[in-house]
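To start, the structure under review is shown below, and the notes come after it.
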Amino acid sequence: MCAIFLVAMLMGITAVSAQNLCDSDICVVQFNASWNSANNVEYLDKLTDCDVMNVNIDEGEYQSEYGIVVVPTIVVFNGKEVKRFQANIMMEMEATKKDIQGVIDEIIYSDF
């Protein structure tokens, strides 16, 4: 068990938490950079049953803290990371509102 933990630490694998970002149970966070604002995902404010945040990785340590390698990246949190959606090589998000809302709905339905 210790060996697995050590390997995970060496590889930089961490349990990503939304503690510093969200107060609600389900939170959708869009990580983007100011130089890529043309590719902001605009439908996030239409998601239901969650809070939505936009985080500029130009400010603070968000890029390294949350392992952001592509912008935009959308992460669904429920206390911890549940699902991550990353942009394609053109820095455009291919995940749809329906894809992200589906993850939110799965979290809600799993409580029943």
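The values are calculated or read from the model by the stated rules, or taken from the named source; none is laboratory data. Note that the coordinates shown come from a computational prediction; the quantities given were computed from them, not determined experimentally. All Cβ positions, glycine included, derive from the backbone under ideal geometry; neighbour counts span all protein chains shown.
Remarks
- Residues of segment 67-94 classified as assigned to a loop (DSSP other than H, G, I, E, B), at pLDDT 95 or above and either of a type in the set (Ser, Thr, Tyr) or surrounded by fewer than 18 Cβ atoms within 10 Å (Cβ to Cβ) (or both), total: 9
- Index of the failed condition, LYS98 passing every other in (1) basic (Lys, Arg); (2) in contact with a strand residue (DSSP E or B) (Cβ under 8 Å, 6 or more places away or on another chain); (3) free of Cβ contacts under 8 Å to residues at least 60 places away in the same chain; (4) loosely packed, with under 13 Cβ neighbours inside 10 Å: (2)
- Residue match in segment 72-79 (condition: more than 14 Å from PHE31 (Cβ to Cβ) and touching a residue at least 12 places away in the same chain (Cβ under 8 Å)): yes
- Some residue of segment 2-25 being of a type in the set (Val, Ile, Thr), within 14 Å of the chain's Cα centre (by Cα) and modelled with pLDDT of 95 or more: no
- Hits in segment 47-56 (condition: part of a loop (DSSP other than H, G, I, E, B) and either without any contact (Cβ under 8 Å) to a residue 12 or more places away in the chain or charged (D, E, K, R) (or both)): ASP49
- Only residues that are buried (at least 16 other Cβ atoms within 10 Å of the Cβ), of a type in the set (Ser, Thr, Tyr) and not in a loop (DSSP other than H, G, I, E, B) were counted in segment 57-66, giving 1.
- Subset of segment 95-111 (residues that are outside any loop (DSSP other than H, G, I, E, B) and among the acidic types (Asp, Glu)): ASP99, ASP105, GLU106
- Long-range neighbours under 8 Å by Cβ, at least six apart or interchain, first residue within 15 Å of VAL69 (Cα to Cα) within segment 29-45, second part of a helix (DSSP H, G or I) and not aromatic (Phe, Trp, Tyr): GLN30/LEU44; PHE31/GLN63; ASN32/ASN39
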